[in-house]
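Have a look at the structure below before the remarks.
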Amino acid sequence: MTVTLNPLYRFDTLIVGAANRLAVTAAKAVAESPGTVYNPLFIYARPGLGKTHLLMAIGHAARAINPRLTVEYLTLDEFVEAFHAAIAAGHGEAYRKRFLDVDVLLVDDVQFLTHRREMQAELLRLTDALQATNRQIVLTSDRPPAEIEALDERLIRRFAGGLIIDVAAPDYETRVAILRRKAEERRAGFGEAVLEAVASLAIDNVRELLGALNRLIAFQAVSEQALGPEQARMLVGGEVETSEPTAPAAQPVVESSPAVASAEPSEFDDFLSEIAATVAQQVDAWRGKVTAAVLRWQGEGFRTAQLEVLLAQEMVNDPERILREFEEDVVRLQHMQAEAAALAPELAGSAAFRDPANLDAAEEALRQAREEGAPPPPPSPLWRLDTMVETAANRVVLEAVRTVAAEPAHRYNPLVLVGGPAVGKTHLLHALGNALAERGGPVACLSAPEFTGELIEAIDRDAIAGWRARYRRATAFLLDDVHLIAAKDRTQDELFVLFNALIDAGRQLVFTSAAPLDELTGVEPRLRSRLEGGLVVELSPPDAAVRERVLLRDLESKLGTADPQLAAYVASRPADSVRAAQALLQRVLEAASAQGVTPSAAFAREVIEGQTPAPAAAKRSSSRSSGLVAPGASATRSREKMVWEWPEVSERVIEEWR
Amino acid sequence: MSLVNFTAREITCKLVYYGPGRSGKTTNLQYVYGRVPESRRGRMVSLATQTDRTLFFDFLPLELGTISGFTTKFQLYTVPGQSYYNATRKLVLQGADGVVFVGDSQARRFDDNLESLQNLQDNLLAQGVDIRQLPVVFQYNKQDLPRDLILSHDEMDDALNFRAVPSYPADALHGTGVFETLRGISELVLKRLAVGSPVA
């Protein structure tokens with residue numbers, strides 16, 4: 001049964017106000033191009049606010065634009081009734097076909113879908129079918145879809161996929177406009193301010209408003225005097241107060257119930273409806289499960305296109321297996337994501353780990369993360385800032401280093417340590433690296449040749465992006481021997497970019513260079529100027545005091561006791577680095593150990609200089625001399641100056657022949 | 001026989017009314033037949049003897065229409081209750097999706113009920129079906145008879161229904177409990193749609 005459209009319910013008879021402007025605009029758009037813009041269009045409003053008017057206006061307008069369109073309007077009750085009748089007559093398929101040929105289907109009062117699972121399933125099917133063929137479906141309800149009790153999730157989603165729009169209660173101006181228009185239509189004239197007085201009453205239901213107008217017209221028809229505003233307000237106000245606001249909402253139920261009640265309750269019908277509910281529940285149980293899974297996994301941020309495809313199908317073979325496999329894939333993704341996030345925190349929310357349909361992408365992302373996630377080379381744990389020997393000579397440098405360790409990236413960034421070979425740059429760099437590492441986060445500490453080597457390897461493996469990312473994650477970047485990047489253009493390019501990225505990210509950079517920066521040749525000026533932009537400090541070769549302190553510590557750690565005289569003597573020997581002094585001490589200790597004597601300054605002198613201990617030696621050893629013994633009568637007796645073991649004569653001869 | 005045919009989108013339920021002779025199995029079917037609109041029922045096939053005893057079996061097909069896109073058909077069968085028709089009973093039981101055991105509530109038929117129930121178990125077992133795995137409900141018919149002649153619902157349950165499956169008191173002649181029983185067994189059977197694997 002289809003109700004013909006009420007000829008009065010057109011767009012031009014609709015008063016448009018702020019409350020319904022959006023809905024009217026959407027409705028007009030739908031009428032102008034059905035099936036293309038908002039499909040389905042779902043309009044909801046409290047009773048009496050013009051839903052049916054809008055619905056029918058769409059029908060009228062659509063037909064006016066294209067008279068060949070088939071437009072069908074019906075209330076949900078009629079829809080249900082027709083369905084039951086068709087099923088009873090065994091014409092279920094014909095019923096479905098009938099609606100499939102409709103170009104614009106207008107269904108009123110769909111709130112009565114509550115608890116009608118079978119009808120919900122029918123409507124779902126119909127909506128899908130109409131949408132698939134670009135046919136328009138417009139529905140109205142007194143509440144939004146989500147508030148329709150026991151409404152199938154799928155229907156809610158379908159409605160949400162189109163446009164859901166509400167019509168609010170008309171404002172005062174609109175109420176006046178409605179009353180005026182209607183009074184005009186009824187050819188009823190009212191005194192000044194009468195309609196305004198009525199409009200000012202708290203009647204926000206258009207139907208009630210028109211009822212109030214009817215009262216006024218009826219009263220005026222029998223009254224000899226013209227109605228005044230106050231009189232009108234009292235007349236209508238009384239009416240409104242006594243009327244039950246929810247009555248209109250209940251009306252459609254009452255209207256439809258006689259039809260239901262007139263049907264003789266039959267045992268078979270009861271049986272049938274219960275069986276239908278059970279079958280629907282069981283057959284559609286998988287849909288419920290799939291929907292639940294979709295909502296759950298979507299909620300957790302996973303893509304569920306795979307499952308949504310299932311929902312669009314009428315029947316699925318073994319949905320349980322599909323769900324199970326989907327969940328297994330999700331679990332795999334979760335594991336992969338957890339691993340990737342541990343390697344690279346920024347991957348925690350990566351989209352690559354959100355699509356179970358694309359595990360390959362996730363695996364690739366994880367593989368990359370594994371490559372990139374390996375922490376950059378850390379500083380050597382051997383050297384620590386607190387074991388660095390501080391003397392007047394290196395105080396400034398150590399102070400700068402300590403400041404950087406205390407406030408990385410705040411004071412001196414970059415910090416460049418300049419000094420000749422074996423002055424302790426590398427030690428200091430690693431010691432600073434360890435201090436920075438204690439603050440947390442990966443600290444990269446490596447030499448320039450290592451840096452270049454890694455770069456070459458990354459280029460070779462075509463994994464340059466991962467290599468870069470690995471260093472960009474470093475909280476501090478310490479590069480030893482930066483002078484060795486000279487003439488290595490690609491290394492310099494990469495270092496330049498990395499430098500900028502790390503500085504921008506507020507990370508500390510520390511470099512060491514064997515040559516003063518202004519003497520660096522083969523290093524791009526842009527890089528050099530950046531190195532100079534921080535603090536450049538020069539490390540002088542360790543003086544005897546530093547050497548003595550280091551040797552004392554060595555003695556302490558090796559022998560348990562430290563002989564200050566021994567340390568002082570060895571430190572006083574000429575050595576251009578701490579390392580050389582340590583080697584000298586080592587030689588003395590090994591000799592002492594071989595001869596089974598306790599190492600002492602005198603013994604050391606004998607080992608180093610080939611002299612028997614002499615009283616003067618102790619005195620000399622404490623003085624700061626070059627360590628060289630002036631040549632004299634005993635010069636040839638200096639062990640250092642003598643060749644003790646000559647090579648074989650024959651070997652020398654051969655050597656000379658060359 | 002399959003319960004659900006996903007290809008043909010058809011659900012077919014074969015329900016068998018089982019029980020001792022004269023317990024009211026055919027009466028159940030007749031009552032259902034009388035309540036189903038003509039459009040929904042097929043011809044009820046009943047092969048009875050001159051004394052109205054079921055000779056072979058009764059068969060009542062019910063078309064429940066399209067439910068959730070499935071053409072749903074119920075086939076109600078009864079078996080001949082007399083013990084000497086066991087071959088027929090076995091035949092009818094084949095492929096049953098559910099069984100309604102119609103017990104006679106009269107105290108004097110107590111042993112017949114037990115014997116028939118035992119026979120049902122044996123026949124199912126012979127077909128490799130464990131009665132515990134098959135949807136079964138009990139209907140205790142003739143509850144309208146004078147109290148002193150019959151066993152009450154609880155007494156019948158105690159005697160027959162030791163697995164506590166759904167049971168319904170009935171007066172099949174007047175329809176009491178007939179649709180309740182049918183609904184009970186139908187739901188049990190249909191609920192297996194979800195747990196049972198769909199067989200095409």
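Values in this text are rule-based calculations from the coordinates and carry no lab data. Since this is a predicted model, take the numbers as computed values, not measurements. Virtual Cβ from ideal backbone geometry, glycine too; neighbours counted across all protein chains shown.
R0 = 51 Å: FRET efficiency of A:T114 with A:A505, Cβ-based, nearest 0.05?
Efficiency, from the Cβ-Cβ distance: 0.35.
When B:M44, A:M336, A:M234 are ordered from fewest to most other Cβ atoms inside 10 Å of their Cβ, what list results?
In order of increasing Cβ crowding within 10 Å: A:M234, B:M44, A:M336.
Looking at the square roots a ≥ b ≥ c of the eigenvalues of the Cα gyration tensor of segment A:330-401, which shape do they give, rounded for a/c under 1.5, prolate if a/b is larger than b/c, or oblate?
prolate
For segment A:84-165, just say rounded, prolate or oblate: build the C-alpha gyration tensor, square-root its eigenvalues into a ≥ b ≥ c, call rounded for a/c under 1.5, and beyond that prolate if a/b exceeds b/c, oblate if not.
oblate
Express in nm, to one decimal, how much length is gained between A:A580 and A:T36 on full extension, taking 0.36 nm for each residue of separation and deducting their alpha carbon distance.
187.2 nm
With everything on Cα atoms, drop me the angle between helix B:178-195 and the longest principal axis of chain B, reported from 0 to 90° to the nearest 10.
Around 40 degrees separate the two axes.
Can you work out the Karplus-derived ³J(HN,Hα) for every residue in segment A:105-115? Use 6.51 cos²θ - 1.76 cosθ + 1.60 with θ = phi - 60°, whole Hz, and x for glycine or proline.
9, 10, 10, 9, 6, 6, 4, 7, 6, 2, 6
Based on the alpha-carbon gyration tensor of chain A and its eigenvalue square roots a ≥ b ≥ c, which shape applies: rounded if a/c is under 1.5, prolate if not and a/b is larger than b/c, or oblate?
Judged from the Cα gyration tensor, chain A comes out prolate (a/c at least 1.5, a/b above b/c).
As an exercise, identify the chymotrypsin sites (Phe, Trp or Tyr not before Pro) in segment B:100-200 lying in DSSP coil whose Cβ has no more than 15 other Cβ atoms within 10 Å.
The qualifying sites are B:F162.
About its Cα centre, how strong a charge dipole does the protein assembly as shown have in debye, to the nearest 20, once Lys and Arg get +1 and Asp and Glu get -1 at the Cβ? Working shown, then result.
Values: 91 positive and 114 negative charges, 277 e Å.
So the magnitude is around 1340 debye.
Set the Förster distance to 60 Å, then compute FRET efficiency between A:R439 and A:E149 from the Cβ-Cβ distance, nearest 0.05. Write out the running numbers ahead of the final one.
Values: r = 58 Å, r/R0 = 0.97.
Using R0 = 60 Å, I get an efficiency of 0.55.
Within segment B:69-91, which residues have the backbone N less than 15 Å from the label spot 7 Å out from B:R43 along Cα→beta-carbon, could you tell me?
Correct set: none at all.
Let me spell out the model: positive unit charges on the Cβ of Lys and Arg, negative unit charges on the Cβ of Asp and Glu, origin at the Cα centre of chain B. What dipole size does that give, in debye rounded to 20?
Numbers: 21 positive and 21 negative charges, 135 e Å.
The calculated dipole for chain B is roughly 640 debye.
Under the rule of -39500 (n - 2.57) per DSSP H run of 4 or more residues, summed and divided by the residues of chain B, what mean residue ellipticity at 222 nm is obtained, to the nearest 500 deg cm²/dmol?
It comes out at -9500 deg cm²/dmol, rounded to the nearest 500.
What distance in nm separates the two pseudo spin-label positions at A:A160 and A:A305, each 7 Å out from Cα along the beta-carbon direction?
Modelled inter-label distance: 2.0 nm.
Can you list which of the trypsin sites (Lys or Arg not before Pro) found in segment A:501-550 are DSSP loop residues with at most 11 other C-beta atoms within 10 Å?
Of the trypsin sites (Lys or Arg not before Pro), not one in the loops of segment A:501-550 has a Cβ with at most 11 other Cβ atoms within 10 Å.
Give me the inter-chain shielding for B:175-187: mean count of other chain Cβ atoms within 10 Å, whole number please. Before the final figure, lay out the partial values.
On the way: counts 1, 0, 0, 2, 6, 2, 0, 4, 7, 0, 0, 5, 7.
Mean shielding count: 3.
What FRET efficiency, computed as 1/(1 + (r/R0)^6) with R0 = 30 Å and r the Cβ-Cβ distance, is obtained for B:D122 and B:L149, rounded to the nearest 0.05?
On the way: r = 29 Å, r/R0 = 0.97.
E between B:D122 and B:L149, to the nearest 0.05, is 0.55.
Which cross-chain or sequence-distant (5 or more) residues have an amide H under 5 Å from the amide H of B:Y18, H modelled 1.01 Å from N in plane?
Those lying under 5 Å, H to H, from B:Y18 are B:V100, B:F101, B:V102.
Measuring from label point to label point, each 7 Å out along Cα→Cβ, what is the B:K90 to B:E10 span in nm?
The answer from the label model is 2.8 nm.
Loop-only GluC sites (Glu not before Pro) in segment A:150-196, please: DSSP not H, G, I, E or B, and at most 14 other Cβ atoms within 10 Å.
Hits after loop and neighbour filter: A:E192.
Per-residue ellipticity at 222 nm for chain A, helices alone: DSSP H runs ≥ 4 residues times -39500 (n - 2.57), over residue total, nearest 500 deg cm²/dmol?
-17500 deg cm²/dmol
Quick one: what are the phi-derived ³J(HN,Hα) couplings along segment A:35-49, Karplus 6.51/-1.76/1.60 with θ = phi - 60°, whole Hz, x for glycine and proline?
x, 10, 8, 10, 9, x, 9, 10, 10, 10, 6, 5, x, x, 10
As I understand it, the value is the acute angle between the Cα axis of helix B:25-35 and the longest principal axis of the Cα atoms of chain B; what does it come to in degrees, rounded to 10?
Compared with the principal axis, the helix lies near 50 degrees.
Where in chain B lies the longest segment free of trypsin sites (Lys or Arg not before Pro) that are both loop residues by DSSP (not H, G, I, E, B) and have at most 10 other Cβ atoms within 10 Å?
Counting only loop sites that pass the neighbour cut-off, the longest clear stretch is B:44-162.
Quick one: which residues, 5+ away or cross-chain, put their amide H under 5 Å from the amide H of A:F511? H built at 1.01 Å from N.
Those qualifying (amide H under 5 Å, at least 5 residues apart or on another chain) are A:L415, A:V416, A:L417, A:L479.
Per-residue HN-Hα couplings for segment B:90-101, Karplus 6.51 cos²θ - 1.76 cosθ + 1.60 at θ = phi - 60°, whole Hz, x for Gly and Pro?
Computed from phi, the couplings for segment B:90-101 are 4, 4, 5, 5, 4, x, 5, 8, x, 10, 9, 8 Hz.
Using label points projected 7 Å from each Cα along Cα→Cβ, tell me how many nm separate A:R125 and B:R132, to one decimal.
Distance between the two pseudo-spin positions: 4.0 nm.
By how many degrees, 0 to 90 and rounded to 10, does the Cα axis of helix B:110-126 deviate from the longest principal axis of chain B?
On a 0 to 90 degree scale, this one is about 30.
For A:A226 and A:E274 in the same chain, what is the full-extension length gain: residue separation times 0.36 nm, less their Cα-Cα distance, in nm?
Extra length available between A:A226 and A:E274 comes to 11.1 nm.
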